[in-house]
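The values are calculated or read from the model by the stated rules, or taken from the named source; none is laboratory data. This structure is a prediction, so every number in the text was calculated from the model and none was measured. Cβ sites come from the backbone with ideal geometry, for glycine too, and all protein chains shown count toward neighbours.
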Amino acid sequence: MDHVQVIIVGAGPVGMTLACELARRNISAMLVERNATTTRHPKMDITNARSMELFRRLGLADELRKVGVPQTNNFDVSWITTLSGHELHRFHYPSVAEWRALIRERNDGTMPGEPPMRVSQVEIEPVLARVVRSLPLVTARWNVAFEDLSQDAAGVMVTLRPSAGDVEQVRCDYVVGCDGGSSEVRRCLGIRLEGQAAVTQRFMTHFRSNAGVLQRWGQAWHYQSASGTLIAQNDRDIWTLQSRFANRSVLPERHPQVLLREFAGCDFDHEILVANSWTQHLLVAQSYGLDRVFLAGDAAHQYIPTGGYGMNTGIGDVCDLGWKLAAVLHGFAPPALLKSYDRERRPVGLRNREASDRHSRTRGEIGSLYGADLKAPGSAGDVARAVAGGKIAAIGNAENESFGIEFGYVYDDSPIVCAEPDTEIPGSDLHYVPTTMPGARLPSVLLRDGTPIYDRLGHWFTLVCSGVVPSGALIDAAKKFAAPLHILQAEPEQETLYGRGLLLVRPDQHVAWRGRACDDTDMAEAVFARCLGGNRAN
C-alpha cells in the first residue's frame, strides 16, 4: 500500500498551486485529476495582483506571464449598445507595464508587489501542469478519479480509480479537496453549502475570429452590454461571449450563432470552439474541512464571476493552508495549527461571496438603462446615449476597483494571530489602506535597488526590523520551537510605513505579531506559541 504525506484531489489551478507550495516546503504530495488533460473551458480570465504576488513567491509569475496577453495591453472595460453600434462609456485601466511604472512611482505601500494579469485558465493550467510534473516530490496523475476516503486518528485512506487499471488504496496524512463545485471530497465529509444556488443561468460561447468588429473602438478586455460580456481572451483571435438574459432563471432557446449576431449587431466570420449553458451560484461551505481533510477553491466557495473572485480566492486558500500543513508535517507546529485555516479563510470566502453578488447587481443596474432610445439615430439617440454613458460612469465599475477586497483582508479573528482588539481595520471593500496590524498582509514596497521587499522575506517566518535591532528573545524563542526564522532589516525609508519596531511575518506574507520591542523571554515564547497553534517550546 502506497503512502504519501498529502493527497490533493483536483488538478485545476488551485490544486496545482497547492502542490507547488508543498513541494517548495519539502512535503510530498500526490495530485489526482479525473480528467485526462488540463481544461479547454475558459473558466477564468483575470489573475489578480494578490494572486500574482503569491505566484511570484512560488517562483511562477514569470512563466505564467509568458502565456498572458502582452504586458502593454490595457484592462479597459467598455459598455456598448452593440459592437456595430455605439460605445456608451469606457472605464480605463492600466496595462501591466503601466502598473509597473505606478508601483515604482507610488512606493508608499498602497501598490501591489505584482501587477494583475489577463490570461485564460486554458493557458494557465498547462504551465502549472508542466511545473508540477517536474517536481520530484509531486506525483501528478491525470485520468485518476477520487472515489472515497476514510480517516482515523493517524491518517486518511483514499480510494482512487484510474481510468485504466484497478482500484487503488493510498494512505496519506492529509487530504485537500480542490475538486470543484461538485466536490466528491466535500460529499464524503458531509459538508453542506450555504447561500444561494442557481442564482442565474448563463450561456457561454467560446470562439475564434479575426473580425474587426470585435474591437471596433480599439483594444479592450471586456465589451459589455445588457445582453452579455465579450471577453478578449488573447487580444488576437480567441474570444468568449457570456450571454445573460432578462429572465434570470430561464435560458431562451437560441443558438450560439444567434447570440453572437445579437451582441455584435451584425454577422461576422467565426469558429465556435465551445458552447454551453451554465449556472451561477453564490455558495460557501459550512466548514472548510473536517479533521484531516480540507476543502479549497470551488470546493469551498462558488461565486458569480463578477470581480474575478473564484480562482483568486482559491489561490489565497492554498497559500494559507499549504505552509500550515508543512509546518505540522515537519513537526514544529501541532495539528491544532490547522484549525486556523477555516477561521482565517472562511470569512474571506463569505466576504468575497457578498462582493460578487454586489458586482453582479451593479451590472444588472447598468443593464436596466438599456432601452430602444439608445439605438435611435440622430440627435435624439445621441442625447440618450450621452445620458446613459454619464449614468454608467456615475454607477462605476467597483468589480475591477475593489482593492480593499483584494489586499485589505485581515485575519483579525485568527487563533494564531497576536491580534490587537482595539485596532480598527482601515479602508473599505473599495479602498485599500496599508496597515501592519496583526493579521494583515504586509504592505508591499520596493527597496532602494528596486527589489520588492517580498523577495527578501524568508522561506518561513521573517522578523522585519524597522528602525530597531533584532530581538534576541524572539530569535531564541524561534530556536526553541524549531521554527525557521529569517531576519530582515528594513531600510530607513520604510519606517514611516512600517513604524519603528518589529514585525513577525508569516510564510504567507501576513503579519503575525508586531511590537516596539521584545526583550522578555516569556513574551517571545508566548508569541511563537500562539503563531504556531499552541505548540510548546522544546
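Annotations
- Subset tally (residues that are touching a Leu at 6+ places or on another chain (Cβ under 7 Å) and of a type outside the set (A, V, I, L, M, F, W, C)) for the range 382-400: 3
- Failed item in (1) assigned to a strand (DSSP E or B); (2) under 26 Å from Ala326 (Cα atoms), with Pro136 passing the rest: (1)
- Going through (1) surrounded by 15 or more Cβ atoms within 10 Å (Cβ to Cβ); (2) farther than 20 Å from Ser414 by Cα one by one, Leu463 falls short only on (2).
- Flag if Leu64 is assigned to a helix (DSSP H, G or I) and at pLDDT 95 or above: yes
- Residue within the range 398-416 that is out of contact with any Lys or Arg (no Cβ under 8 Å at 6 or more places or on another chain), part of a helix (DSSP H, G or I), among the aromatic types (Phe, Trp, Tyr) and within 30 Å of Leu321 (Cβ to Cβ) present: yes
- Only one entry in Asp520, Asp508 is acidic (Asp, Glu) and in contact with a Cys (Cβ under 7 Å, 6 or more places away or on another chain), namely Asp508.
- Residues (polar (S, T, N, Q) and either within 30 Å of Leu282 (Cα to Cα) or in contact (Cβ under 8 Å) with a residue 24 or more places away in the chain (or both)) located in the range 333-381: Ser340, Asn352, Ser356, Ser360, Thr362, Ser368
Residues checked against (1) touching a Gly at 6+ places or on another chain (Cβ under 6 Å); (2) assigned by TED's automatic domain parsing to the domain that holds Pro443; (3) within 22 Å of Gly85 (Cα to Cα):
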| site | (1), (2), (3) |
| --- | --- |
| Ala372 | no, no, yes |
| Ala380 | no, no, yes |
| Ala398 | no, no, no |
| Phe403 | no, no, no |
| Cys418 | no, yes, no |
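- Considering the range 71-85, and only residues there that are of a type in the set (Ser, Thr, Tyr) and assigned to a loop (DSSP other than H, G, I, E, B), the residue that is nearest to the chain's Cα centre (by Cα) turns out to be Thr72.
- Positions within the range 434-453 being assigned to a strand (DSSP E or B) and either in contact with an Asp or Glu (Cβ under 9 Å, 6 or more places away or on another chain) or under 28 Å from Pro415 (Cα atoms) (or both), in sequence order: Ala440, Arg441, Pro452
- Scanning the range 178-189 for residues that are surrounded by 15 or more Cβ atoms within 10 Å (Cβ to Cβ), charged (D, E, K, R), farther than 15 Å from Met30 by Cα and in contact (Cβ under 8 Å) with a residue 60 or more places away in the chain turns up at least one hit.
- Test: residue in the range 454-466 that is among the aliphatic types (A, V, I, L, M) and either over 19 Å from His510 (Cα atoms) or assigned to a helix (DSSP H, G or I) (or both): no
- Given (1) surrounded by fewer than 14 Cβ atoms within 10 Å (Cβ to Cβ); (2) in a helix (DSSP H, G or I); (3) without any contact (Cβ under 8 Å) to a residue 24 or more places away in the chain; (4) more than 25 Å from the chain's Cα centre (by Cα), number of the condition Ala384 does not satisfy: (1)
- Selection of the range 501-538 for residues being assigned to a loop (DSSP other than H, G, I, E, B), under 19 Å from Asp413 (Cβ atoms) and basic (Lys, Arg) yields only Arg506.
- When Ser444, Ser471 are screened for being closer than 15 Å to Asp108 by Cβ, of a type outside the set (D, E, K, R) and in contact (Cβ under 8 Å) with a residue 24 or more places away in the chain, only Ser444 passes.
- Any hit, the range 493-500, residues being of a type in the set (A, V, I, L, M, F, W, C) and either over 21 Å from Met111 (Cα atoms) or part of a loop (DSSP other than H, G, I, E, B) (or both): no
- Flag for Leu88 being touching a Ser or Thr at 6+ places or on another chain (Cβ under 8 Å), of a type in the set (A, V, I, L, M, F, W, C) and outside any helix (DSSP H, G or I): yes
- Out of Asp449, Asp522, Asp476, one residue alone is over 31 Å from the mean Cα position of the chain (by Cα) and without any contact (Cβ under 8 Å) to a residue 12 or more places away in the chain. It is Asp522.
- Residue count for the range 398-421, restricted to those that are among the hydrophobic types (A, V, I, L, M, F, W, C) and surrounded by fewer than 21 Cβ atoms within 10 Å (Cβ to Cβ): 3.
- Boolean, Thr436 is touching a residue at least 60 places away in the same chain (Cβ under 8 Å) and either hydroxyl-bearing (Ser, Thr, Tyr) or outside the structural domain of Ala226 (by TED's automatic domain parsing) (or both): yes
- Residue, nearest to Phe528 (Cα to Cα), within the range 301-336, restricted to residues that are outside any helix (DSSP H, G or I) and out of contact with any Leu (no Cβ under 9 Å at 6 or more places or on another chain): Gly331
- Out of His89, His41, sole residue that is over 15 Å from Ile315 (Cα atoms) and in the same structural domain as Gln169 (by TED's automatic domain parsing): His41
- Val469 fulfils the conditions (1) of a type in the set (A, V, I, L, M); (2) surrounded by 15 or more Cβ atoms within 10 Å (Cβ to Cβ); (3) farther than 30 Å from Ile405 by Cβ except for a single criterion, (2).
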